[in-house]
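The values are calculated or read from the model by the stated rules, or taken from the named source; none is laboratory data. Just so it is clear, the structure is predicted and the values come from calculations on it, not from any experiment. Reconstructed Cβ throughout: ideal geometry from the backbone, glycine too, with neighbour counts over all protein chains shown.
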(Lines give C-alpha, C1' and ligand atoms only; values in the text may rest on other atoms or scores of the structure.)
Protein backbone atom coordinates (compact mmCIF):
# COMPACT_ATOMS: atom_id res chain seq x y z
CA UNK A 1 0.00 0.00 0.00
CA UNK A 2 1.30 3.50 -0.71
CA UNK A 3 0.23 7.06 0.04
CA UNK A 4 -1.29 7.47 -3.40
CA UNK A 5 -4.13 5.02 -2.67
CA UNK A 6 -5.09 6.63 0.66
CA UNK A 7 -8.22 8.79 0.67
CA UNK A 8 -7.78 12.27 2.14
CA UNK A 9 -8.56 12.86 5.81
CA UNK A 10 -11.50 15.09 4.78
CA UNK A 11 -12.98 12.24 2.73
CA UNK A 12 -12.61 9.78 5.61
CA UNK A 13 -14.11 12.29 8.06
CA UNK A 14 -17.21 12.77 5.95
CA UNK A 15 -17.75 8.98 5.82
CA UNK A 16 -17.35 8.82 9.59
CA UNK A 17 -19.73 11.70 10.13
CA UNK A 18 -22.47 9.94 8.14
CA UNK A 19 -21.98 6.75 10.08
CA UNK A 20 -21.86 8.55 13.47
CA UNK A 21 -24.89 10.76 12.97
CA UNK A 22 -27.54 8.12 13.80
CA UNK A 23 -25.41 6.81 16.69
CA UNK A 24 -25.22 10.05 18.71
CA UNK A 25 -27.82 12.22 20.41
CA UNK A 26 -27.58 15.83 21.54
CA UNK A 27 -26.56 14.55 24.98
CA UNK A 28 -23.67 12.34 23.74
CA UNK A 29 -20.12 13.18 24.77
CA UNK A 30 -17.22 13.15 22.35
CA UNK A 31 -13.78 12.53 23.86
CA UNK A 32 -10.59 12.58 21.79
CA UNK A 33 -7.28 10.94 22.72
CA UNK A 34 -4.18 13.21 22.45
CA UNK A 35 -2.89 14.27 20.03
CA UNK A 36 -4.32 12.96 16.76
CA UNK A 37 -7.59 11.77 18.29
CA UNK A 38 -8.28 15.26 19.63
CA UNK A 39 -7.84 16.78 16.17
CA UNK A 40 -10.28 14.26 14.72
CA UNK A 41 -12.68 14.72 17.63
CA UNK A 42 -12.67 18.52 17.17
CA UNK A 43 -13.65 18.14 13.51
CA UNK A 44 -16.38 15.57 14.20
CA UNK A 45 -17.72 17.51 17.20
CA UNK A 46 -18.12 20.53 14.97
CA UNK A 47 -19.68 18.75 11.98
CA UNK A 48 -22.09 16.76 14.16
CA UNK A 49 -23.16 19.98 15.88
CA UNK A 50 -23.28 18.52 19.41
CA UNK A 51 -24.25 20.87 22.24
CA UNK A 52 -22.07 19.06 24.80
CA UNK A 53 -18.49 20.17 25.43
CA UNK A 54 -15.66 18.28 23.76
CA UNK A 55 -13.43 16.21 26.07
CA UNK A 56 -9.78 15.25 25.65
CA UNK A 57 -7.60 12.60 27.26
CA UNK A 58 -3.85 12.33 27.64
CA UNK A 59 -3.33 8.72 28.61
CA UNK A 60 0.34 9.07 29.65
CA UNK A 61 -0.39 8.24 33.29
CA UNK A 62 -2.16 5.01 32.24
CA UNK A 63 0.29 3.61 29.68
CA UNK A 64 1.41 0.03 30.22
CA UNK A 65 4.97 0.78 29.07
CA UNK A 66 5.74 3.39 31.76
CA UNK A 67 8.24 1.16 33.55
CA UNK A 68 10.08 0.64 30.23
CA UNK A 69 10.01 4.05 28.61
CA UNK A 70 9.00 6.46 31.38
CA UNK A 71 6.71 9.44 31.08
CA UNK A 72 6.29 11.19 27.79
CA UNK A 73 8.14 14.48 28.26
CA UNK A 74 5.21 16.58 27.03
CA UNK A 75 2.26 15.24 28.97
CA UNK A 76 -0.85 17.25 28.14
CA UNK A 77 -3.80 17.74 30.44
CA UNK A 78 -6.82 15.53 30.27
CA UNK A 79 -9.91 17.67 30.16
CA UNK A 80 -13.36 16.19 30.69
CA UNK A 81 -15.61 19.24 31.08
CA UNK A 82 -18.85 17.29 31.50
CA UNK A 83 -19.96 14.85 34.18
CA UNK A 84 -19.49 11.41 32.66
CA UNK A 85 -21.67 9.34 35.01
CA UNK A 86 -24.35 7.45 33.01
CA UNK A 87 -23.45 9.33 29.82
CA UNK A 88 -23.16 8.00 26.30
CA UNK A 89 -19.52 8.46 25.26
CA UNK A 90 -17.98 8.29 21.80
CA UNK A 91 -14.24 7.87 22.23
CA UNK A 92 -12.23 9.08 19.24
CA UNK A 93 -8.68 8.18 18.19
CA UNK A 94 -6.69 8.59 15.01
CA UNK A 95 -5.19 5.11 14.62
CA UNK A 96 -6.34 1.85 16.21
CA UNK A 97 -3.29 -0.43 16.15
CA UNK A 98 -2.36 -2.57 19.17
CA UNK A 99 -5.39 -1.50 21.24
CA UNK A 100 -3.20 -0.54 24.19
CA UNK A 101 -3.99 3.18 23.94
CA UNK A 102 -7.72 2.45 24.08
CA UNK A 103 -7.26 0.16 27.08
CA UNK A 104 -5.44 3.02 28.86
CA UNK A 105 -8.07 5.58 27.77
CA UNK A 106 -10.90 3.45 29.18
CA UNK A 107 -9.08 3.14 32.50
CA UNK A 108 -8.67 6.89 32.63
CA UNK A 109 -12.35 7.53 31.79
CA UNK A 110 -13.36 5.30 34.69
CA UNK A 111 -11.25 7.45 37.03
CA UNK A 112 -13.75 10.23 36.38
CA UNK A 113 -16.89 8.20 36.98
CA UNK A 114 -19.10 5.44 35.57
CA UNK A 115 -20.21 6.11 32.02
CA UNK A 116 -23.44 4.61 30.71
CA UNK A 117 -21.97 3.45 27.41
CA UNK A 118 -18.60 3.83 25.70
CA UNK A 119 -18.10 3.33 21.97
CA UNK A 120 -15.03 3.83 19.83
CA UNK A 121 -14.61 5.61 16.51
CA UNK A 122 -11.25 5.72 14.72
CA UNK A 123 -10.00 7.43 11.62
CA UNK A 124 -7.86 4.44 10.67
CA UNK A 125 -7.99 0.84 11.80
CA UNK A 126 -4.84 -1.06 10.96
CA UNK A 127 -3.72 -4.63 11.52
CA UNK A 128 -1.64 -5.57 14.58
CA UNK A 129 -4.07 -5.84 17.48
CA UNK A 130 -2.58 -7.08 20.76
CA UNK A 131 -5.74 -6.70 22.87
CA UNK A 132 -9.40 -7.59 22.23
CA UNK A 133 -10.44 -4.07 21.22
CA UNK A 134 -12.64 -3.24 18.21
CA UNK A 135 -13.92 0.05 16.91
CA UNK A 136 -17.65 0.72 16.40
CA UNK A 137 -16.95 3.20 13.61
CA UNK A 138 -13.95 2.91 11.29
CA UNK A 139 -13.11 5.60 8.74
CA UNK A 140 -10.57 3.54 6.83
CA UNK A 141 -9.28 -0.03 7.15
CA UNK A 142 -5.59 -0.56 6.38
CA UNK A 143 -3.85 -3.90 6.02
CA UNK A 144 -0.26 -3.11 6.89
CA UNK A 145 2.96 -4.99 7.45
CA UNK A 146 4.52 -5.03 10.90
CA UNK A 147 7.34 -2.76 9.78
CA UNK A 148 4.96 -0.11 8.45
CA UNK A 149 3.73 2.78 10.46
CA UNK A 150 0.76 5.09 9.82
CA UNK A 151 0.83 8.60 11.21
CA UNK A 152 -1.60 11.51 11.29
CA UNK A 153 0.01 14.96 11.14
CA UNK A 154 -1.88 18.16 11.89
CA UNK A 155 -3.85 19.94 13.05
CA UNK A 156 -3.89 22.05 9.90
CA UNK A 157 -3.87 20.42 7.43
CA UNK A 158 -4.68 16.92 8.67
CA UNK A 159 -2.71 14.40 6.63
CA UNK A 160 -2.14 10.67 6.82
CA UNK A 161 1.16 9.15 5.83
CA UNK A 162 2.60 5.65 5.86
CA UNK A 163 6.27 5.16 6.56
CA UNK A 164 8.56 2.21 7.09
CA UNK A 165 10.18 1.81 10.47
CA UNK A 166 13.96 2.09 10.33
CA UNK B 1 29.73 18.65 49.35
CA UNK B 2 28.81 15.30 47.78
CA UNK B 3 29.02 14.83 44.04
CA UNK B 4 25.54 15.66 42.67
CA UNK B 5 26.11 13.71 39.45
CA UNK B 6 25.13 10.38 40.97
CA UNK B 7 21.52 11.43 40.54
CA UNK B 8 21.78 10.89 36.76
CA UNK B 9 22.33 7.50 35.08
CA UNK B 10 24.90 6.88 32.34
CA UNK B 11 22.40 8.06 29.68
CA UNK B 12 21.85 11.34 31.54
CA UNK B 13 18.36 10.36 32.74
CA UNK B 14 17.31 11.44 36.22
CA UNK B 15 17.55 8.42 38.50
CA UNK B 16 17.58 9.82 42.04
CA UNK B 17 16.38 13.22 43.27
CA UNK B 18 19.09 14.40 45.66
CA UNK B 19 19.81 18.05 44.92
CA UNK B 20 18.77 20.88 42.59
CA UNK B 21 22.42 21.42 41.61
CA UNK B 22 23.16 19.94 38.21
CA UNK B 23 19.53 19.84 37.02
CA UNK B 24 18.86 21.49 33.66
CA UNK B 25 16.25 24.20 33.24
CA UNK B 26 14.45 21.81 30.88
CA UNK B 27 14.30 19.03 33.51
CA UNK B 28 12.89 21.42 36.10
CA UNK B 29 10.24 22.70 33.70
CA UNK B 30 9.33 19.15 32.61
CA UNK B 31 8.72 18.20 36.24
CA UNK B 32 6.69 21.37 36.89
CA UNK B 33 4.58 20.67 33.77
CA UNK B 34 3.84 17.09 34.84
CA UNK B 35 3.04 18.38 38.34
CA UNK B 36 0.55 20.77 36.79
CA UNK B 37 -1.31 17.78 35.37
CA UNK B 38 -1.43 16.10 38.74
CA UNK B 39 -2.56 19.37 40.30
CA UNK B 40 -5.72 19.25 38.17
CA UNK B 41 -6.73 15.89 39.66
CA UNK B 42 -8.95 17.61 42.23
CA UNK B 43 -11.93 17.43 39.86
CA UNK B 44 -11.69 13.66 39.42
CA UNK B 45 -13.79 11.02 41.11
CA UNK B 46 -10.69 8.82 41.52
CA UNK B 47 -7.56 10.79 42.28
CA UNK B 48 -5.18 7.88 41.73
CA UNK B 49 -3.21 6.88 38.66
CA UNK B 50 -1.57 3.47 38.25
CA UNK B 51 1.98 4.63 37.44
CA UNK B 52 3.64 3.14 40.53
CA UNK B 53 1.30 0.18 40.98
CA UNK B 54 3.12 -2.73 42.56
CA UNK B 55 6.01 -0.54 43.76
CA UNK B 56 6.97 -0.12 47.39
CA UNK B 57 8.00 3.28 48.69
CA UNK B 58 9.59 3.63 52.13
CA UNK B 59 9.50 7.02 53.83
CA UNK B 60 12.58 6.80 56.01
CA UNK B 61 12.71 9.76 58.37
CA UNK B 62 15.68 10.05 60.71
CA UNK B 63 14.36 13.49 61.69
CA UNK B 64 10.83 14.63 62.51
CA UNK B 65 8.57 15.98 59.84
CA UNK B 66 4.84 16.43 59.43
CA UNK B 67 4.05 18.08 56.13
CA UNK B 68 6.92 16.67 54.09
CA UNK B 69 6.32 13.09 55.20
CA UNK B 70 2.55 13.38 54.87
CA UNK B 71 2.64 14.90 51.39
CA UNK B 72 5.15 12.27 50.24
CA UNK B 73 2.84 9.59 51.57
CA UNK B 74 -0.21 11.02 49.82
CA UNK B 75 1.80 11.53 46.62
CA UNK B 76 3.00 7.92 46.56
CA UNK B 77 -0.50 6.62 47.29
CA UNK B 78 -2.02 8.73 44.50
CA UNK B 79 0.49 7.03 42.19
CA UNK B 80 -0.80 3.65 43.50
CA UNK B 81 2.42 2.69 45.30
CA UNK B 82 2.42 0.86 48.61
CA UNK B 83 3.87 3.14 51.27
CA UNK B 84 5.63 2.32 54.52
CA UNK B 85 6.52 5.09 56.97
CA UNK B 86 9.46 4.57 59.27
CA UNK B 87 10.39 7.09 61.92
CA UNK B 88 13.85 6.07 62.87
CA UNK B 89 14.20 7.69 66.29
CA UNK B 90 11.63 5.07 67.34
CA UNK B 91 13.15 2.08 65.53
CA UNK B 92 16.33 0.00 65.31
CA UNK B 93 18.75 2.91 64.99
CA UNK B 94 18.18 3.67 68.64
CA UNK B 95 19.34 0.09 69.21
CA UNK B 96 22.64 0.80 67.46
CA UNK B 97 21.98 -0.22 63.85
CA UNK B 98 23.80 1.95 61.31
CA UNK B 99 21.94 3.91 58.60
CA UNK B 100 23.25 1.66 55.83
CA UNK B 101 22.26 -1.49 57.73
CA UNK B 102 18.75 -0.06 58.09
CA UNK B 103 18.66 0.57 54.33
CA UNK B 104 19.94 -2.95 53.52
CA UNK B 105 17.35 -4.50 55.79
CA UNK B 106 14.56 -2.60 54.07
CA UNK B 107 16.03 -3.36 50.64
CA UNK B 108 15.83 -7.03 51.48
CA UNK B 109 12.06 -6.49 51.65
CA UNK B 110 12.12 -5.42 47.96
CA UNK B 111 11.72 -1.70 48.40
CA UNK B 112 11.77 0.25 45.13
CA UNK B 113 12.17 3.78 46.45
CA UNK B 114 13.41 5.42 49.63
CA UNK B 115 12.38 8.93 50.62
CA UNK B 116 15.05 9.92 53.12
CA UNK B 117 15.30 12.72 55.64
CA UNK B 118 18.38 12.91 57.81
CA UNK B 119 20.07 15.40 60.13
CA UNK B 120 23.42 14.85 58.38
CA UNK B 121 24.30 16.63 55.14
CA UNK B 122 25.00 14.12 52.38
CA UNK B 123 23.02 11.23 53.92
CA UNK B 124 20.79 10.71 50.86
CA UNK B 125 23.83 10.84 48.55
CA UNK B 126 25.59 8.24 50.65
CA UNK B 127 22.58 5.94 50.51
CA UNK B 128 22.24 6.45 46.74
CA UNK B 129 25.81 5.25 46.31
CA UNK B 130 25.10 2.01 48.16
CA UNK B 131 21.75 0.81 46.81
CA UNK B 132 21.25 -1.66 43.92
CA UNK B 133 20.67 -0.38 40.38
CA UNK B 134 16.86 -0.52 40.47
CA UNK B 135 16.38 1.34 43.77
CA UNK B 136 15.57 5.07 43.69
CA UNK B 137 16.38 7.65 46.37
CA UNK B 138 14.65 10.98 47.03
CA UNK B 139 16.25 13.46 49.39
CA UNK B 140 13.57 14.83 51.72
CA UNK B 141 16.08 17.08 53.50
CA UNK B 142 19.65 16.41 54.60
CA UNK B 143 21.17 18.51 57.38
CA UNK B 144 21.87 22.04 56.19
CA UNK B 145 22.63 20.88 52.67
CA UNK B 146 19.56 20.46 50.52
CA UNK B 147 15.78 20.05 50.41
CA UNK B 148 15.20 19.78 46.68
CA UNK B 149 11.52 18.73 46.64
CA UNK B 150 10.64 21.74 48.82
CA UNK B 151 12.44 24.02 46.35
CA UNK B 152 10.54 22.39 43.46
CA UNK B 153 7.16 22.95 45.11
CA UNK B 154 8.17 26.54 45.84
CA UNK B 155 9.08 27.05 42.17
CA UNK B 156 5.75 25.48 41.18
CA UNK B 157 3.93 27.88 43.51
CA UNK B 158 5.85 30.93 42.27
CA UNK B 159 5.10 29.98 38.66
CA UNK B 160 1.45 29.42 39.49
CA UNK B 161 1.07 32.95 40.89
CA UNK B 162 3.72 34.92 39.01
CA UNK B 163 4.29 33.12 35.71
CA UNK B 164 7.67 33.79 34.10
CA UNK B 165 10.74 33.72 36.37
CA UNK B 166 12.99 36.05 34.38
CA UNK B 167 11.57 39.41 35.61
CA UNK B 168 11.21 38.26 39.23
CA UNK B 169 13.09 39.61 42.24
CA UNK B 170 12.97 37.15 45.12
CA UNK B 171 14.08 37.74 48.71
CA UNK B 172 14.78 34.86 51.10
CA UNK B 173 14.58 36.13 54.66
CA UNK B 174 15.78 34.78 57.99
CA UNK B 175 17.88 31.87 59.14
CA UNK B 176 19.87 31.34 55.94
CA UNK B 177 22.73 29.76 57.88
CA UNK B 178 20.81 26.66 58.93
CA UNK B 179 18.48 26.46 55.94
CA UNK B 180 18.71 23.60 53.45
CA UNK B 181 15.54 25.04 51.93
CA UNK B 182 17.26 28.35 51.14
CA UNK B 183 20.18 26.62 49.42
CA UNK B 184 17.91 24.56 47.20
CA UNK B 185 15.69 27.56 46.42
CA UNK B 186 18.71 29.65 45.45
CA UNK B 187 19.97 26.96 43.05
CA UNK B 188 16.52 26.55 41.49
CA UNK B 189 15.93 30.30 41.09
CA UNK B 190 19.35 30.73 39.47
CA UNK B 191 18.76 27.83 37.05
CA UNK B 192 15.32 29.25 36.14
CA UNK B 193 16.85 32.67 35.48
CA UNK B 194 15.18 34.85 38.14
CA UNK B 195 16.27 38.49 37.70
CA UNK B 196 17.59 38.80 41.24
CA UNK B 197 17.84 36.64 44.34
CA UNK B 198 18.52 38.36 47.67
CA UNK B 199 19.08 36.94 51.11
CA UNK B 200 18.16 39.05 54.13
CA UNK B 201 19.37 38.13 57.63
CA UNK B 202 21.45 39.30 60.55
CA UNK B 203 25.16 38.83 59.84
CA UNK B 204 25.32 35.94 62.29
CA UNK B 205 22.79 33.98 60.21
CA UNK B 206 24.38 34.67 56.81
CA UNK B 207 26.84 31.94 55.78
CA UNK B 208 30.22 33.31 54.70
CA UNK B 209 30.67 33.27 50.94
CA UNK B 210 26.92 33.13 50.22
CA UNK B 211 27.54 35.64 47.38
CA UNK B 212 29.28 32.86 45.46
CA UNK B 213 25.84 31.31 44.86
CA UNK B 214 24.90 34.43 42.90
CA UNK B 215 22.78 36.12 45.57
CA UNK B 216 22.96 39.60 47.08
CA UNK B 217 23.06 39.69 50.89
CA UNK B 218 21.24 42.36 52.91
CA UNK B 219 21.03 42.91 56.65
CA UNK B 220 18.27 45.52 56.50
CA UNK B 221 14.66 44.61 55.67
CA UNK B 222 13.75 48.01 54.21
CA UNK B 223 16.63 47.89 51.71
CA UNK B 224 16.34 44.18 51.06
CA UNK B 225 12.61 44.09 50.39
CA UNK B 226 12.61 47.12 48.09
CA UNK B 227 11.05 46.24 44.69
CA UNK B 228 10.65 42.54 45.63
CA UNK B 229 8.03 40.29 43.95
CA UNK B 230 8.32 37.20 46.16
CA UNK B 231 9.20 37.15 49.88
CA UNK B 232 10.22 33.76 51.24
CA UNK B 233 10.37 33.66 55.03
CA UNK B 234 12.39 30.97 56.77
CA UNK B 235 11.87 29.41 60.15
CA UNK B 236 14.33 30.46 62.82
CA UNK B 237 15.85 27.06 63.61
CA UNK B 238 16.47 27.62 67.29
CA UNK B 239 17.04 23.89 67.85
CA UNK B 240 20.07 23.92 65.54
CA UNK B 241 21.68 27.01 67.06
CA UNK B 242 24.83 26.61 69.04
CA UNK B 243 25.82 29.69 70.97
CA UNK B 244 24.26 33.13 70.77
CA UNK B 245 23.35 33.78 67.12
CA UNK B 246 20.39 36.05 67.78
CA UNK B 247 20.36 38.54 70.63
CA UNK B 248 16.77 37.82 71.66
CA UNK B 249 13.55 36.71 70.03
CA UNK B 250 12.06 40.17 70.57
CA UNK B 251 14.97 41.87 68.88
CA UNK B 252 14.94 39.38 66.00
CA UNK B 253 11.23 40.00 65.49
CA UNK B 254 11.63 43.77 65.57
CA UNK B 255 14.30 43.67 62.85
CA UNK B 256 13.34 40.69 60.69
CA UNK B 257 9.83 39.56 61.62
CA UNK B 258 7.56 40.07 58.60
CA UNK B 259 4.82 42.51 59.57
CA UNK B 260 2.36 44.24 57.26
CA UNK B 261 4.46 47.37 57.63
CA UNK B 262 7.69 45.66 56.48
CA UNK B 263 5.85 43.86 53.67
CA UNK B 264 4.92 47.36 52.48
CA UNK B 265 8.56 47.84 51.38
CA UNK B 266 8.07 45.15 48.71
CA UNK B 267 6.03 45.56 45.52
CA UNK B 268 2.27 46.09 46.08
CA UNK B 269 1.51 42.69 44.47
CA UNK B 270 4.26 40.82 46.30
CA UNK B 271 3.44 37.34 47.60
CA UNK B 272 4.67 35.73 50.83
CA UNK B 273 5.85 32.16 51.23
CA UNK B 274 7.10 30.04 54.13
CA UNK B 275 8.16 26.38 53.98
CA UNK B 276 6.71 25.73 57.43
CA UNK B 277 6.44 25.11 60.24
CA UNK B 278 6.01 28.77 61.15
CA UNK B 279 6.98 30.49 64.35
CA UNK B 280 4.11 32.97 64.44
CA UNK B 281 5.12 36.20 66.13
CA UNK B 282 8.82 35.44 65.65
CA UNK B 283 9.62 35.48 61.91
CA UNK B 284 6.12 36.33 60.65
CA UNK B 285 2.96 37.86 62.14
CA UNK B 286 -0.38 36.10 61.87
CA UNK B 287 -1.82 39.09 60.03
CA UNK B 288 0.68 38.48 57.19
CA UNK B 289 0.66 34.67 57.34
CA UNK B 290 -3.12 34.56 57.07
CA UNK B 291 -3.48 37.41 54.55
CA UNK B 292 -4.46 37.09 50.91
CA UNK B 293 -0.81 37.69 49.97
CA UNK B 294 0.21 34.50 51.76
CA UNK B 295 0.81 31.38 49.64
CA UNK B 296 1.67 29.22 52.65
CA UNK B 297 -1.29 26.84 52.34
CA UNK B 298 -1.10 26.60 48.52
CA UNK B 299 2.55 25.57 49.06
CA UNK B 300 1.40 22.60 51.12
CA UNK B 301 -1.24 21.57 48.57
CA UNK B 302 1.22 21.93 45.69
CA UNK B 303 3.68 19.69 47.51
CA UNK B 304 1.54 16.67 46.67
CA UNK B 305 1.42 17.25 42.89
CA UNK B 306 5.11 18.18 42.71
CA UNK B 307 6.21 15.12 44.69
CA UNK B 308 4.03 12.92 42.47
CA UNK B 309 5.78 14.37 39.41
CA UNK B 310 9.25 13.81 40.89
CA UNK B 311 8.46 10.21 41.86
CA UNK B 312 6.98 9.51 38.41
CA UNK B 313 9.99 11.08 36.72
CA UNK B 314 12.61 8.96 38.47
CA UNK B 315 10.62 5.71 38.55
CA UNK B 316 9.85 5.60 34.82
CA UNK B 317 12.10 3.80 32.34
CA UNK B 318 15.07 5.78 31.14
CA UNK B 319 14.86 5.46 27.35
CA UNK B 320 13.81 8.48 25.33
CA UNK B 321 10.14 9.29 24.84
CA UNK B 322 7.25 6.92 24.34
CA UNK B 323 5.94 5.33 21.14
CA UNK B 324 2.52 4.91 19.53
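Checking residue A:26 against (1) more than 11 Å from chain B (Cβ to nearest Cβ); (2) modelled with pLDDT of 95 or more, which single condition isn't satisfied?
(2)
Against the condition assigned by TED's automatic domain parsing to the domain that holds residue B:225 and closer than 25 Å to residue B:227 by Cβ, how does residue B:261 come out, does it pass?
Here the answer is yes, as residue B:261 does meet what is asked.
Condition test on residue B:28, is it within 17 Å of the chain's Cα centre (by Cα), within 14 Å of chain A (Cβ to nearest Cβ) and in contact (Cβ under 8 Å) with a residue 40 or more places away in the chain? Lay out the reasoning, then the answer.
Numbers: within 17 Å of the chain's Cα centre (by Cα): yes; within 14 Å of chain A (Cβ to nearest Cβ): yes; in contact (Cβ under 8 Å) with a residue 40 or more places away in the chain: yes.
Spelling it out, residue B:28 is indeed within 17 Å of the chain's Cα centre (by Cα), within 14 Å of chain A (Cβ to nearest Cβ) and in contact (Cβ under 8 Å) with a residue 40 or more places away in the chain.
Determine whether region A:133-143 contains at least one residue that is surrounded by 16 or more Cβ atoms within 10 Å (Cβ to Cβ), within 14 Å of another protein chain (Cβ to nearest Cβ) and either touching a helix residue (DSSP H, G or I) at 6+ places or on another chain (Cβ under 6 Å) or in a loop (DSSP other than H, G, I, E, B) (or both).
For region A:133-143, residues surrounded by 16 or more Cβ atoms within 10 Å (Cβ to Cβ), within 14 Å of another protein chain (Cβ to nearest Cβ) and either touching a helix residue (DSSP H, G or I) at 6+ places or on another chain (Cβ under 6 Å) or in a loop (DSSP other than H, G, I, E, B) (or both): absent.
Among helices (runs of 4 or more DSSP H) lying entirely in region B:24-143, which contain 2 or more residues that are buried (at least 21 other Cβ atoms within 10 Å of the Cβ)?
Where helices (runs of 4 or more DSSP H) fall fully within region B:24-143 and carry at least 2 residues being buried (at least 21 other Cβ atoms within 10 Å of the Cβ), they are B:25-39, B:67-78, B:123-130.
Checking the conditions here, which among B:194, B:201, B:247 is assigned by TED's automatic domain parsing to the domain that holds residue B:263, without any contact (Cβ under 8 Å) to a residue 40 or more places away in the chain and surrounded by 16 or more Cβ atoms within 10 Å (Cβ to Cβ)? Walk me through how you get there before you give the answer.
Numbers: B:201 fails: without any contact (Cβ under 8 Å) to a residue 40 or more places away in the chain; B:247 fails: surrounded by 16 or more Cβ atoms within 10 Å (Cβ to Cβ).
Going through B:194, B:201, B:247 in turn, just one is assigned by TED's automatic domain parsing to the domain that holds residue B:263, without any contact (Cβ under 8 Å) to a residue 40 or more places away in the chain and surrounded by 16 or more Cβ atoms within 10 Å (Cβ to Cβ): B:194.
For region B:257-266, indicate whether the set of residues that are crowded, with 16+ Cβ neighbours inside 10 Å, assigned to a loop (DSSP other than H, G, I, E, B) and in contact with a strand residue (DSSP E or B) (Cβ under 9 Å, 6 or more places away or on another chain) is non-empty.
Looking through region B:257-266, at least one residue is crowded, with 16+ Cβ neighbours inside 10 Å, assigned to a loop (DSSP other than H, G, I, E, B) and in contact with a strand residue (DSSP E or B) (Cβ under 9 Å, 6 or more places away or on another chain).
Looking for whichever is assigned by TED's automatic domain parsing to the domain that holds residue B:42 and either buried (at least 19 other Cβ atoms within 10 Å of the Cβ) or modelled with pLDDT under 95 (or both) here; the options are B:308, B:241, B:273, B:233. Which one fits? Can you show your working first?
Working: B:241 fails: assigned by TED's automatic domain parsing to the domain that holds residue B:42; B:273 fails: assigned by TED's automatic domain parsing to the domain that holds residue B:42; B:233 fails: assigned by TED's automatic domain parsing to the domain that holds residue B:42.
Unique residue meeting the criteria: B:308.
Hey, can you tell me all the residues within region B:267-293 that are over 23 Å from residue B:196 (Cα atoms) and in a loop (DSSP other than H, G, I, E, B)?
Correct list: B:276, B:277, B:278, B:279, B:281, B:282, B:285, B:290, B:291, B:292.
List pairs: first in region A:84-106 and without any contact (Cβ under 8 Å) to a residue 60 or more places away in the chain, second assigned to a loop (DSSP other than H, G, I, E, B) and surrounded by 22 or more Cβ atoms within 10 Å (Cβ to Cβ), Cβ under 8 Å, 6+ apart or cross-chain?
Filtered contacts from region A:84-106: A:100/A:63; A:104/A:63.
A quick yes/no check of all residues on (1) at positive phi; (2) at pLDDT 95 or above; (3) more than 10 Å from chain B (Cβ to nearest Cβ); (4) assigned to a strand (DSSP E or B):
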| site | (1), (2), (3), (4) |
| --- | --- |
| A:44 | no, yes, yes, no |
| A:50 | no, no, yes, no |
| A:53 | no, yes, yes, no |
| A:60 | no, no, no, no |
| A:68 | no, no, no, no |
| A:77 | no, no, no, no |
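Anything in region B:4-16 that is within 14 Å of another protein chain (Cβ to nearest Cβ) and either on the phi > 0 side of the Ramachandran plot or under 16 Å from the mean Cα position of the chain (by Cα) (or both)? List them, or say none.
The answer is B:12, and nothing else.
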